[in-house]
Structure formats: structure tokens, C-alpha cells
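Notes for the one structure printed next.
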């Protein structure tokens, strides 16, 4: 879908530098772009590629714009404008309205006429599928589920009974929403299942990555608020609440009943134990283990970076001796104080 | 399914305090329960909510019972009794016996008349599905598989050829049982696949969380014993044995040929290297890395909790200097001893 | 499929020790093998089982061969030869050529006559399925996908639009290839989706474990080179490149744009942050966190092994004091130098 720079500038709030009649029809990287493509510069790492780019145009900020050898769109947040322009130039295909002849839709399910139900998809009793929603091939939607307008379920997604998904969500393949939470009561060496009677409520504009799992609540609901983005292989346990516009990178997870605030950024592989409260605007760095509630916005860390193995082994061995080292340190302090005292006596 | 406290007490071994004719029909939390609901108090954290609850009744122990403002069921293990009573009041719907017209069942598969085969499910050659078993929508059962009575496979579960699952198991969506173990022989910079010729045997009363993977054995079987509970996104490698009534929380895993004892509790994100033997009654805390066999029951740990990032960075930097710090400590000890010796000589 | 030792020796480059006319028809462990089975000895741990084996034959190296009580195949790499012989004795069943009547294949998809399309599988528009390829039950192949000859997709695999898979690959259940990468631009507290316009290209002889996820590139492709082996629940983010013959064990992952070299060995649970370059022939040990590029082949580590919990807690507490300990150490050194100086003055 080709567009001129003038059109893109007015639509997305940029300033044109150079020939505003330049036409671009797709996006590309600085290094690979040809005349028909628009590229962007947001990460200073790639600044060296600007001088030699053969892109038709570039999106960048005013400072970098001075060095741009090609027509440019100048703005404060080039990556955000790039995201919007890329979506505009490469629109997702609209839903192919209708129910595929190989889908299985319950007689009392309500499917909007503009929705697309793919081959082999299954829609359970009393579920409601909104306008322009897409249910991918082989996806299984249980009973009493609500899928909002413009939401897209990829193939092989599973939504269990009573789950609610808002509007404009994107749910990738293999995602499981609403499986039972992991709740068992110990009783004389055995485990008695605690029935998981709550459900999952997902807000609007949520994206959920491939093979991520979100369990239903025990009595009340697990809640994913508006604008949350979850990456692949994330685990959200029962009764968790993830606050609006929080992002969680791949392989992160939150154990039961933890509440995560709004606009948090959870790095890859970060895990949180259960029953925590994390306030708004917290960032956890890659692979942290969160064992206590956080009441102050800010950045929290904790993982130890890999080193050459023999060096690592020495540090790891000393780690096991840390308490002994601490004792030796204290003993040294006492002995030295004694020595100093005696010396002072001497002097 | 409403019941009186008298009926529940006699069925589940509790003592009634207050009006035994009180009728309850569902479970709820202390904070949200109304007159028709029974709640419970097991975690002292929630004791403050007891005084103001509007529940019809509460399940709790004798000590807490004294403070209960409503009719109560008194017992030693309120959470276990709650689990049973919740299951009784909210029974899972019985299987809808029969094979859905959109299922694909091999001609020589044997499906019990009382079993439910969902839409789009696939049952392979010679497989046997037990009485009252449920095969969810889109689940794929390979050839020569055995699914025991009263076992429920959720939608989109995959059981590969020759897998055996016992009775009363619950397997959540996306679970893969019996995929090939990760076995390759190195040969001049390439990897030769070692065929995985064993299978997986799962006992009775096992529950397996969403998107968990259990690989088939190389020559012999991978074994999950009775009563094991696995959470979501757990990885069980080939030839592993998980002992009866062991629980493994989300994102934990065991590498090849490790044997885990009975009644172990494996925290979220815990991983074990291969070829270990873990005895019965071991608990591993959240995110531990298990690299050695454990021969003594008890609790084992190891993860470092996240801290405010600048504090963490200082500790992490010092960690890399631990061996040097140890050397400096030893040197100090020697020098101080020298000083003390000389001083002694002085005195 | 029975064979004599003479036949196996000539086919797989071994030397026969003992009766070359011995016939074996299956593989088994040293401990469980009967007369009809061939076993192997590669791990010295199992050497004790050699003396008492009742196997029909054993594969081992020349040193161990001296102690073999049964006819033997002598070679340099017994595990690799075992892998080949096991594959020979237990061949995978050939594809059942044809499209199952319960599959949904787009009218303009091109499926080789020798390929097998399982029940409930879905093949999208313009996709091409190679000779003898197998598309498992319920697998969903998008539009414009290429699946090479002899590649096998297990049930419930999802390949999104435009993904390319080479020849002789094995993809296990639940794998998702080509879902959107996790790309969002922050803009005034919200996240704007960056469309993921690249795809995924997978080479020949690649194996991908159950429920592993490989995201499509943002603009260019995510690439998995020839001979790569990925275990279960692995995460490969957008724009990553995994070099030829690299193996990654379960629950490992690489964040966006990281490039992993050839013949690397990535242990279970290892994670790499984004934008790294890892050279060829690097090994990362179990559960390492990789935060920096690696330019030297070798072994890199870092995880701290679990200990008895009270010991661990002491070390972990001291870890938080490491910077303070370091300060105290430096102070001691200064004070002791002072003492030593004064003493020298005295002497």
C-alpha cells in the first residue's frame, strides 16, 4: 500500500525533510532497503548505516536527521512512528467473514456475521464471537466464552469455559487460557484437588505470545488488564492480576495470587513467587527471582552473568564459603583491634 | 448442588458449630461470600476477614472456630475439607457419552460406551479409551495408547504412540506426552539421532498442567507414578521417573534419567540436571538448580532474590571478585599472625 | 528387522569380535537385553553391567571390548554407532501416502503424491509439501509455507504463513514456528505493536522439541541453520540466528537478534539476552545467564547449585553483604599496613 512522505507525515505527526512527494510502499532495514522502502533509525548502534543507506526515505529524530542522505520523516519517537507506518504500509488482511465448512460451532453459540471461524475450529455452547474477530484453524473455544470485536485467535489456541477476552487482542498459537490453577490441599501424604471455580478475564488490546499459559482463578478470576503484552512461554498462575500496559518477556512467570502493577516491565525469565504485590512502574531485569513485594517504582535486578567456566567455578566455590569468609573477616577485625590497642599502649 | 452443614459434616468428617440445618450451595472467599456460600479459613493472613464475613458458613480449625461469627464446620485440615466440599458442591459435569460426529476414530480403536470423544479429536489405531474418559476437542491420541477410566484429556492434548495413562488423571490443554527424548550422538561435528524407542507410563490420579512436556524413554519408559501433580510448562526428559505424590510447580524440569522420589515438592522454576537420584520427601525451593543427588530428606535451596538494581550490581560485581577476596583474606590472616607473633615476642 | 553382526559391522564401520553370524533384532540396555538384542557401552558408569549382560551382542570400544562376555561390534564411537544401528533395526514407519479424508487442504496447495497429510490437518493457500513429508494430525500449516522432502511434522504443530522448513526435519507436537516476535514501541505509557514482517527459515536435518517456539523476524528472517537440534520448551526470539549443528537443551532461549555460532552446546535453562554474538564452538553450562557476546570458543558457566536450605540461606544473606565485606577487607588491609609500618618502625 504505497504512500507519499507528505501523506505519512500528516497522518502520523512527523515533519518532512526533503522531497515530500517521495513514494514508499514497504519498510526495510537501513542496510537492505531499496528505493521503494522506508527505513528508520532509533538505536544509535545502527547510525553508521545511515550514511550508506539506499532507502527511499528514513524515519529519525531531528538530531540524526541532519546526517540523513535521503528524504526523511522527522519526529521525536522514530521507533513508535515506524511501528505505525509499518502497520499502515503492511496492513493485516481483513477477516474472511464466515464459518468454514470444516469448523464445529455449537448451535447456540453466537458468531458475528463479520467474524471468521477457521477450518477445524471448535466453538462451544453459548459462546459469543464479536465483530471481525478471527478464530484460527484448529482453535478450541469452550462454553460460555466471550471473544471481543477485532480480536484474533491464532490456530490451536485453547480458551476454556467462561473465559472473557476483550477487543483488539492478539493471541498466538498454543496459548492456553483458563486451564485449572495448580491448587491442591495436602492430606496425609496425598494431594486433594481444589476445584478451580473462577475464570480468566482479559482486557482490550492485550497480546499473548505462543504457548503461554494463563490459569483460571480458584474462586475469583485471574485478570489481565488492558494493553498488557505477554511474550512466549509465559506462565500466569491462578488469581494473579497483571496491571494495564505491563509487558512480560519470554519465559517469565508469576505464581498464585501475585498482583503486578501497571506499566511494569518484566524481563525474560523473571519469576515471582506467590502472594506478592508489585507496585506500578517497576522494571525487573532479565532472569531475576522476585521473592518480596515491591512498593517503590524503580529497577530491580538479580542474575549473575555467565563467565568462562573455570573462573565461574572458583567464584561459585567461594560463594559456598561466604559465611565462613565472613566469620574470618570478623575475627580478623577483632584480632587487629587487639593488636592496634596493644600497639597504642606501646606508643 | 445445595447441602446442609449436617450433611457436609457427616460426609467429610467435620464437627458442626452452630445451626447444622444451614444450607449452602456454593463456595466463596471470606470477603465475597453471601448467605448461600460456604467459605474457609486456612491461611492466618486472612483471619482478619473472619469477623466481618457474611458467608452462610465457614470451614476452619477449632482454634479459629472460637472467633467465627457464623455457623461453622470444625476440622483439623480446613483447606483439605474445603477442597472436598467445593468439589461436592460444584461437581464437574459428567461425560457426554459418545463419539462426536466430527471426531476421527480409527476403526480398530476401542472406546468405552460411557466415554466422551470431543469434536475434532483423533484416536489412533488399536488405542483403548476407558469408561467415562473424556478426550477433549482437537486432542490427538496416537496408536496403541491406553487411557484409563475417568481420565480427562483437555482439548489439544497430544499423546504419542504407545503412551499409557492411568485412571482419574487430568491432562490440561497443550500437554505433549511421548514426544522423542532429546538424544543425539556426536560424530565428527554432527549429531546422529538416537531413536527413542521407549514410551511413557503415567499412573493413576495424576494431573498435568497446560503445555507441559513429558518425553518418551530412549529404550525403557519414562514413568510418572500415582498421584503426581505437574504444573504448567514443566519439562520431564526421557527416562526420568517421578515418584508417587510428588508435586512440581510451573516451569520446573528434570533432565534425562533423573529419578525423583515420592512426596517431593519441587518449587517453581527448579531444574535438575540428568542422572540424579533424589530421595523421598525432599523439597526444593523456588528456582533452585539441582546438580547433585540428594540422599537426605529435607529442604534444599538456592536462588538469590532480586534487589534494587544498583545494590544488586554491586553484589554481583563483588561476586566475580570472590576468589580474589578470599586470597586477600588469607594473606591478611598470615600477615596478622606475623604481627601478633612479633608482638608476642615484644611483650 | 533382524541383522547379523557381520552385516551391521560392514554397514556401520565396526569390527566384529566373536561370532559374526549372531543375529540381533532389537536394541536394549545392558541390564535388560536378552539373546535377540544388541546393547552398547559408552558411559563408563555402566561398565559394571557388562560382565553380567545377557545381550546377544554389544557395541563398545576396543578397550572395553576386552571385557565383553558376548559377541561384540568394536568401534571408536560406540554411542554414534548404536544410534545408527538402533535406527536400522527399528526404522520409523514410512509415510502412508495420501491426504486423509478429514484433512483440510487449500485448493491451490501443492502436496507431493508420496506425502502423508493426517486427519484434521490444515494446509493453507499456496503451501508446498515435499515428497514423503508427513503432516501430523491436527497440525496447522499456514499460507505460502514450504515443507521439504522427508520432513515430519508431529500432531498439533503450527507453522504460520511463509515459514520455510528444509528436508529431513522432525518437528514435535505443540511447536509454533513463525508467530509474531515480541516487538512493541513505547509511546506515552502505551505499547504500539511493531508488525513482524519477516519470516522463519529452517534448514535441513533440524529437530525441534515439543512446545518450542520460534518467532518470525521483524523485517528480515529468523534463521535456524542445518543440523540444529532444539529440545522442548525452547524460545527463539525474532531475528535470532542459530548456527549449524548447534544444540540447545530444554527451557533454554535466546532473545531478539542474538546470533549463535555453529556447533555450540547450550545447556538446559540457559538464556541469552538480545543482540549478542556468540562465536562457534561455545558451550554454556546448565542454567547460565548470558549477558555478553562471546568471542572465544570454550566453556562458559554460571549457575549456583542448590544446597541444604539453612546453609544456602546463610550464603545468600552474605551475598547481599558482599560489597560491605569488600569494604571491610580493604579497611583491614590499610589498618594492618599501618600496624606493620609502625612495627617496622619499632624494630
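The values are calculated or read from the model by the stated rules, or taken from the named source; none is laboratory data. Source: prediction; values computed, not measured. As a convention, Cβ positions derive from the backbone with ideal geometry for all residues, glycine included, and neighbour counts pool all protein chains shown.
A few remarks follow.
- Against the list (1) outside any strand (DSSP E or B); (2) buried (at least 24 other Cβ atoms within 10 Å of the Cβ); (3) more than 14 Å from chain C (Cβ to nearest Cβ), the condition residue A:162 fails is (2).
- Subset of the range B:206-224 [buried (at least 24 other Cβ atoms within 10 Å of the Cβ) and part of a strand (DSSP E or B)]: B:208, B:213, B:214, B:215, B:222, B:224
- Residue match in the range B:88-103 (condition: in contact (Cβ under 8 Å) with a residue 12 or more places away in the chain, in contact with a helix residue (DSSP H, G or I) (Cβ under 9 Å, 6 or more places away or on another chain) and closer than 29 Å to residue B:175 by Cα): yes
- Filtered residue count, the range A:302-312, keeping only those that are assigned to a helix (DSSP H, G or I) and surrounded by fewer than 16 Cβ atoms within 10 Å (Cβ to Cβ): 2
- Yes/no for residue A:178 being on the phi > 0 side of the Ramachandran plot and in a strand (DSSP E or B): yes
- For residue C:327, the criteria (1) exposed (fewer than 14 other Cβ atoms within 10 Å of the Cβ); (2) within 9 Å of chain B (Cβ to nearest Cβ); (3) at pLDDT below 90 hold in every case but one, which is (2).
- Take the conditions (1) within 25 Å of the chain's Cα centre (by Cα); (2) surrounded by 22 or more Cβ atoms within 10 Å (Cβ to Cβ); residue B:37 misses just one of them, which is (1).
- Residue C:334 being over 30 Å from residue B:295 (Cα atoms), assigned to a helix (DSSP H, G or I) and at the interface with chain B (Cβ under 7 Å from one of its Cβ atoms): no
- Hey, residue B:283 within 26 Å of residue C:302 (Cβ to Cβ), in contact with a strand residue (DSSP E or B) (Cβ under 7 Å, 6 or more places away or on another chain), modelled with pLDDT of 95 or more and crowded, with 20+ Cβ neighbours inside 10 Å or not: no
- Leading residue by the ranking (farthest from the chain's Cα centre (by Cα)) among those in the range C:240-252 that are in a loop (DSSP other than H, G, I, E, B) and at the interface with another protein chain (Cβ under 10 Å from one of its Cβ atoms): C:244
- Breaking point among (1) in a loop (DSSP other than H, G, I, E, B); (2) surrounded by fewer than 24 Cβ atoms within 10 Å (Cβ to Cβ); (3) more than 19 Å from the chain's Cα centre (by Cα), for residue C:192: (1)
- Exactly one residue among B:255, B:179 is within 17 Å of residue B:162 (Cβ to Cβ) and within 9 Å of chain C (Cβ to nearest Cβ), and that residue is B:179.
- The single condition among (1) touching a residue at least 40 places away in the same chain (Cβ under 8 Å); (2) within 14 Å of chain C (Cβ to nearest Cβ); (3) under 23 Å from the mean Cα position of the chain (by Cα) that residue A:155 does not meet is (1).
- Condition check for residue A:295: away from chain B (no Cβ under 11 Å), surrounded by fewer than 22 Cβ atoms within 10 Å (Cβ to Cβ), over 14 Å from the mean Cα position of the chain (by Cα) and free of Cβ contacts under 8 Å to residues at least 12 places away in the same chain: no
Every residue, every condition in (1) surrounded by fewer than 24 Cβ atoms within 10 Å (Cβ to Cβ); (2) free of Cβ contacts under 8 Å to residues at least 24 places away in the same chain, yes or no:
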{"site": "A:204", "(1), (2)": "yes, no"}
{"site": "A:226", "(1), (2)": "yes, no"}
{"site": "A:254", "(1), (2)": "no, yes"}
{"site": "A:272", "(1), (2)": "no, yes"}
{"site": "A:277", "(1), (2)": "yes, yes"}
{"site": "A:288", "(1), (2)": "no, yes"}
{"site": "A:291", "(1), (2)": "yes, yes"}
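- Any helices (runs of 4 or more DSSP H) falling wholly within the range B:1-96 and containing at least 1 residues that are in contact with a strand residue (DSSP E or B) (Cβ under 6 Å, 6 or more places away or on another chain) and more than 10 Å from chain A (Cβ to nearest Cβ): B:5-12, B:62-65
- Qualifying residue in the range A:166-175 (condition: at pLDDT 95 or above, away from chain C (no Cβ under 14 Å) and within 25 Å of residue A:199 (Cα to Cα)): yes
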